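Inspection log for the structure reproduced underneath, given as structure tokens.
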Amino acid sequence: MRYSAFENTMSPERMSRYLTACSGDTKSAMTLYRLNLRLSQELFTVISCFEVALRNAIDRHYLICLGNDWLKKSASSGGIFDNPNNSFTADTINGAVNKLKNYYNHPKLVSELGFGFWRYLFSKPQFRAGGQTLIAIFPARPYSTPSIQYNASFVFNELARINNLRNRIAHHEPICFIPMQPVKDTTFVRQHYSLIRQLFQWMSIDEAALLYGLDHINTICDQIDNL
């Protein structure tokens, strides 16, 4: 495809960053755009695997601590989230229950709730409401030090980084640049990829085996860097 047709389809505004990053080389700009798409696909797959692993680990933990159907009960009258500090969490659960209607069951409810919901279970009000035990799903996390506390707040903030990246990809924002600059760079992606792998390891999950055949992120990053 000629660059003029490619740019007309994707829009000059969207392509301007790619063209600037490639010093005006139209062929390289199209190649970079396609590599960014491949990188986004690969990374979204990895994030999806992490999201499923995270919510399943949380669900297993609370099934033990809070009992069967813990999500629905927690948002019901008298449940752990039935208070002003956790009203948004309760509303989110109840909204998902209502959406499922006659198809409701606990596993479907778990699947219905998004990354942001699971992340917020590590925020202070939800973490306290759940009994302050949820950090146990990361049994291999490092020991805290005076300078770094590997606690629920730390996990909450790290999950925010992953959630923001997930949303960025979902909204078709490029991830092959220095943030907010038309400069080709994969440091941002590599750092977040390393974080995801680290959190897998903290959950005692062999992420290399889990992602076998799905994960070519470093290879694509290298192609972008060498373009």
Env charge @ Q149, Cβ radius under 14 Å, K,R +1 / D,E -1, value +1
Charges only on Cβ, +1 for Lys and Arg, -1 for Asp and Glu: so what's the dipole of the chain about the Cα centre, in debye to the nearest 20?
320 debye
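Using a simple charge model, +1 on the beta-carbon of Lys and Arg, -1 on the beta-carbon of Asp and Glu, nothing else, what dipole does the stretch 180-227 show about its Cα centre, in debye to the nearest 20?
The dipole magnitude comes to about 120 debye.
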Can you list residues from other chains, or at least 5 along the same chain, whose modelled amide H is less than 5 Å from the amide H of F177?
D185
Contact order normalised by length for the stretch 34-135, with contacts defined as Cα pairs under 8 Å and 6 or more residues apart; what percent is it?
25 percent
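When only DSSP loop residues count, what chymotrypsin sites (Phe, Trp or Tyr not before Pro) in the stretch 114-162 have their Cβ near at most 16 other Cβ atoms within 10 Å?
In loop regions of the stretch 114-162 (DSSP not H, G, I, E or B), the sparsely surrounded chymotrypsin sites (Phe, Trp or Tyr not before Pro) are Y143, Y150.
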Tell me the net charge near A29. Cut-off is 13 Å between Cβ atoms, A29 excluded, with +1 for each Lys or Arg and -1 for each Asp or Glu.
+4
State the percentage of accessible surface on the stretch 13-86 attributable to carbon and sulfur atoms; use a 1.4 Å probe and exclude ligands, DNA and RNA.
50 percent
Tell me, how many Å apart are the Cα centres for the stretch 197-224 and for the stretch 121-178?
18 Å
Rounded, prolate or oblate (a/c below 1.5 giving rounded, otherwise prolate when a/b exceeds b/c) for the stretch 95-200 by Cα gyration tensor:
oblate
Under the Karplus relation 6.51 cos²θ - 1.76 cosθ + 1.60, θ = phi - 60°, what is the ordered set of whole-Hz ³J(HN,Hα) values for the stretch 140-145, x standing for Gly and Pro?
9, 5, x, 6, 5, 10
Just the number please: accessible area per residue for the chain, 1.4 Å probe, all protein chains included, in Å².
53 Å²
GNM of the chain, Cα pairs under 10 angstrom: of H192, H171, H61, the biggest fluctuation goes to H171
Value at 222 nm in deg cm²/dmol, rounded to 500, when DSSP H runs of n ≥ 4 in the chain each add -39,500 (n - 2.57)
-20000 deg cm²/dmol
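The values are calculated or read from the model by the stated rules, or taken from the named source; none is laboratory data. Everything quoted here is computed from the prediction, not taken from an experiment. Reconstructed Cβ throughout: ideal geometry from the backbone, glycine too, with neighbour counts over all protein chains shown. With ligands, DNA and RNA removed, areas are computed over all heavy atoms of the protein, side chains included. Shrake-Rupley method; radii C 1.70, N 1.55, O 1.52, S 1.80 Å.
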